[in-house]
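Q: Sharing a structure here in structure tokens format.
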Amino acid sequence: MKSVKVCILGDFAVGKTSLVRRFVDEAFSERYLTTVGVKIDTKTVHPEGAEPIKLVLWDVAGADELSALQTSYVRGSAGFILVCDLTRRETLTTATKLKSEVAAQFGPVPWCLFANKNDLTEEREIDDMALSELTEDGWIVHTTSAKTGFNVESAVLALASRLSIDAGRSP
Amino acid sequence: MSNVHRLRELLGIEADQATMREQGRRVAESEQRMPDVAEVLPDAIRQRSQDDDMAEALREPVSKALHESVTENPHSLVEILFPVMGPAIRRSIAETLRAALEGLNQSLADGFSLRNLRWRLEAWRTGVPFREVVLRHTLTYRVAEALLINKENGLLICRVGEMTDSPGMDRDAVAAMLTAIEDFVADSTGEEEGELSSAELGERVLWVLTGPHARLALVLEGQPPLTLRITLRDHLAVIHQDHGTYLYEFSGQEEAPAPLIAKLEKLLKFSAQDQQEAVRRPPRIAGPILLLLLVAGLGLVGHWLYRGQQQKQQWAALEAQIASVPGIVWVEGLIDRKPPELRLLADPLADSPGELVRSAGYGDGDLALSVTPFVSAEPEIELRRLVKALAPLPQAVTVTLRDGSIVIAGTADRYWFRQLAAHLEFARINVPVDITGLQQTVESPDSPVIPDEER
């Protein structure tokens, strides 16, 4: 089975680790996240019409910009997931910034945005309109809820499908 | 329903009685009691777990139950305890071994057994610390697991060996985590190529070796010598050499090439015995080299001795030659100087000293020659001096040396006779001159008379 590295990036407390915990096969101790700044998990997915693919997920500690260390963590990624918190507008700004940084450092890499905490409807600061605008700009946006599990599996599967297609092209 | 019943019902007596009947039945029938007890038993035990009475009460039945269980089916307990006991035993052995090793060097350093001396010699010869040589000879180790990890993306290229420690643990995640830790170490130390070289995994040791495109992570059991790292580095270099492109371009392919897996599997065969072989190998390589060096050394010594002897012979030949040459006197010869020095006295009419030295085999710079002119009284030189003084000799006159005397014979005119007489009178000739064989030519009356002054 082919393996691919996928990085999960986003601002502090947007729910990256909770999202990963939602769909991974096996979780490492989360001490690594605070010590080394990254937590590694794996998930085997079966995209429709494609070979199963193993995602090696690098849950990079939250930051509003990439440090040298985090940049080294992102290196070699086949794709990445940006995560923002629908209840905090500034996290979308951070996601945009991180996307630009990754693109500048590593060129075009498949990615998507997980707009998380969809369950907190009352506290939302990022509305559907804003998300639609992003979609119109070419962003692939999935509203998710790590708490309820809403859309998490399908969003990961969607990215995995794209990566699987890319992987099929590579040697 | 009668009024009495209705009244009892209103007062709740009827219900109480039904409840009491039910309770009585449950107390009386053990089967009915079991669900009740089962319901409260865990909480009851938990509640009394801190109580010594509970422990005491359970000690005997639990002990008895275990005993009976082991008696009836010992395998079940073995299976239960194996995951705990295996690592515990290994850890205990490893710790004991390490503790023993701490004092090993000192104790061995104090020892003077033949074996120790041999190991010391080996340490001296190979340049390996003595302790390490001892470890090589006394310890066993093995490579239990080997992982080849892409340096760029942290993906596992291939893995061989047994799943050590946590069989369920995903090796892809382990590979990625090792890469992350390497990056973390590099970032922390500020070195671009910072390297996590080793780590202890319980009683095992993790070694990480980094190549240009891939990292080699090895789980080792025992106490591998540090020189094993050199061997492993060589192995990693070979892997890079043969599969460099594949390693560089690796992006998570399913199956690594068979030759690459085979190379990685070779690592699993590394053991103390192999290493000992490797340790023994240098002498095999060093043997011929040492022999060659010895031969070369002996050759050099032989050459040096031969050259010395040859120089002495050459010097003696030169000395003899100079002694045989008239008009040259050997004053001083210093053969030990570099170059050898030679001081001579030489009559200007003697053979050229430079030519003599060259004919004896000394080239320019081979000899520091110092010549002081002098007047030789040797007959040969006296002869040359006389001949030179009387030159040109008349054609019919011969001047030779015979029995230490200069013999002048033949015929010459009166004029030359006078010249000879004058020379013999005024020149200091240190050898006898015999002119008995010399005759004056008969001059004709027509011969012009040349005044003596003009002649």
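The values are calculated or read from the model by the stated rules, or taken from the named source; none is laboratory data. Owing to the predicted nature of the structure, the values given are computational and were not obtained by experimental measurement. Counting neighbours? That spans all protein chains shown, and the Cβs are built from the backbone with ideal geometry, glycine included. Areas reflect the complete protein model, heavy atoms only, side chains present, ligands, DNA and RNA absent. Shrake-Rupley method; radii C 1.70, N 1.55, O 1.52, S 1.80 Å.
Q: Using θ = phi - 60° and the Karplus relation 6.51 cos²θ - 1.76 cosθ + 1.60, list the HN-Hα couplings for region B:296-309 in order, rounded to whole Hz, with x at every Gly or Pro.
A: 4, x, 4, x, 4, 5, x, 4, 5, 5, 4, 4, x, 5
Q: Let me ask you something else. Relative contact order for chain A: what percent, with Cα pairs under 8 Å and sequence separation of 6 or more?
A: 26 percent
Q: What value, in deg cm²/dmol to 500, does the helix sum -39500 (n - 2.57) over DSSP H runs of n ≥ 4 give at 222 nm once divided by the residues of chain A?
A: Helices in chain A give a 222 nm mean residue ellipticity of -11500 deg cm²/dmol.
Q: What is the calculated FRET efficiency for B:Asn430 to B:His303, with r their C-beta to C-beta distance and R₀ = 51 Å, to the nearest 0.05?
A: After rounding to 0.05, the efficiency reads 0.55.
Q: Between the chain alone and the structure with every protein chain in place, find the residues of region A:48-86 that drop at least 20 Å² of accessible area; heavy atoms, 1.4 Å probe.
A: Flagged in region A:48-86: A:Lys54, A:Val56, A:Trp58, A:Leu69, A:Ser72, A:Tyr73, A:Arg75, A:Gly76.
Q: What is the gain in length, in nm to one decimal, between B:Asp351 and B:Ala199 on full extension, counting 0.36 nm per residue of separation less the C-alpha to C-alpha distance?
A: Value of the extension gain: 46.1 nm.
Q: Tell me the per residue accessible area of region B:20-78 using a 1.4 Å probe; a whole number in Å² is fine. Could you put the intermediate results ahead of the total?
A: Details: 5300 Å² over 59 residues.
Value returned for region B:20-78: 90 Å² of accessible area per residue.
Q: Additional query: Using only protein heavy atoms and a 1.4 angstrom probe, determine the accessible area buried between B and A, summed over both sides, in Å² to the nearest 100.
A: In total, this chain pair buries about 2000 Å².
Q: Just add up the charged neighbours of B:Leu438: K/R +1, D/E -1, any other residue whose Cβ is under 15 Å from the Cβ of B:Leu438.
A: +1
Q: Still on this model: Around A:Glu90, what is the net charge, scoring Lys/Arg as +1 and Asp/Glu as -1 over all other residues with Cβ under 11 Å from its Cβ? If you can, show how the numbers build up before the last one.
A: On the way: positive: A:Arg88, A:Arg89, A:Lys97; negative: A:Asp11, A:Asp64, A:Asp85, A:Glu125.
Computed value for this residue: -1.
Q: So, one more: Which far-off residues, 5 or more places away or on another chain, put their amide H under 5 Å from the one on B:Leu401, with H placed in the peptide plane?
A: B:Val407
Q: Now for a separate question. Give me a comma-separated list of calculated 3J(HN,Hα) values for region A:67-78, in order, Karplus coefficients 6.51, -1.76, 1.60 applied at θ = phi - 60°, integers in Hz, x for any Gly or Pro.
A: The phi angles translate into 7, 4, 5, 5, 4, 5, 5, 6, 4, x, 6, 7 Hz.
Q: Give me, ordered by chain and number, the residues 5 or more places off A:Trp111 or on other chains with an amide H under 5 Å from its own placed amide H.
A: Sorted by chain and number, the residues that satisfy this are A:Phe80.
Q: With every protein chain left in place and a probe of 1.4 Å, what is the accessible surface of B:Ile408, to the nearest 10 Å²?
A: 0 Å²
Q: Tell me, what ³J(HN,Hα) does each residue in region B:415-429 have, in order and in whole Hz, if you take phi through Karplus 6.51 cos²θ - 1.76 cosθ + 1.60 with θ = phi - 60° and put x for Gly and Pro?
A: 4, 5, 4, 5, 4, 5, 4, 5, 5, 5, 6, 9, 7, 8, 10
Q: Now a separate question. Sequence neighbours fewer than 8 away in the same chain don't count; with that in mind, list the lysines whose C-alpha is under 20 Å from A:Lys2.
A: List returned: A:Lys43, A:Lys54, B:Lys151.
Q: Round to the nearest 10 and report in Å² the accessible area of B:Ser197, as given by a 1.4 Å probe over the protein chains' heavy atoms.
A: It works out to around 50 Å².
Q: Counting other Cβ atoms within 10 Å, which trypsin sites (Lys or Arg not before Pro) in region B:338-434 have at most 10 and lie in a DSSP loop?
A: When the trypsin sites (Lys or Arg not before Pro) of region B:338-434 are filtered for loop state and at most 10 Cβ neighbours within 10 Å, B:Arg428 remain.
Q: So, one more: Take B:Val27 and A:Thr121, extend 7 Å from each Cα along the Cα→Cβ direction, and tell me the distance between the two endpoints in nm.
A: 5.7 nm
Q: Also, I was wondering about something else. Rounded to a whole number, what % of the accessible area of region A:56-155 do carbon and sulfur atoms account for, probe 1.4 Å?
A: 50 percent
Q: For region A:44-128, what is the per residue volume of the convex hull drawn over the alpha-carbon atoms, in cubic angstrom?
A: About 127 Å³ per residue, rounded to a whole number.
Q: Then there's this: Kindly sort B:Tyr246, B:Tyr306, B:Tyr362, B:Tyr415 by accessible area of their heavy atoms, largest first, with the probe set to 1.4 Å.
A: Accessible-area ranking of B:Tyr246, B:Tyr306, B:Tyr362, B:Tyr415, largest first: B:Tyr306, B:Tyr415, B:Tyr246, B:Tyr362.
Q: R0 = 60 Å: FRET efficiency of B:Arg6 with B:Ser49, Cβ-based, nearest 0.05? All intermediate terms of the calculation are to be shown ahead of the outcome.
A: On the way: r = 51 Å, r/R0 = 0.85.
So the FRET efficiency works out to roughly 0.75.
Q: Also, I was wondering about something else. Of all GluC sites (Glu not before Pro) in region A:28-110, which ones are in loop regions per DSSP and have a Cβ with at most 11 other Cβ atoms within 10 Å?
A: For GluC sites (Glu not before Pro) across region A:28-110 that sit outside H, G, I, E and B with at most 11 neighbouring Cβ atoms in 10 Å, the list reads A:Glu48, A:Glu65.
Q: Can you pull the semi-axes for region B:302-373, root of five times each eigenvalue of the Cα gyration tensor, sorted largest first, whole Å? Please report the intermediate quantities before stating the final value.
A: Values: eigenvalues 100, 27, 21 Å².
Semi-axes (√(5λ), whole Å): 22, 12, 10.
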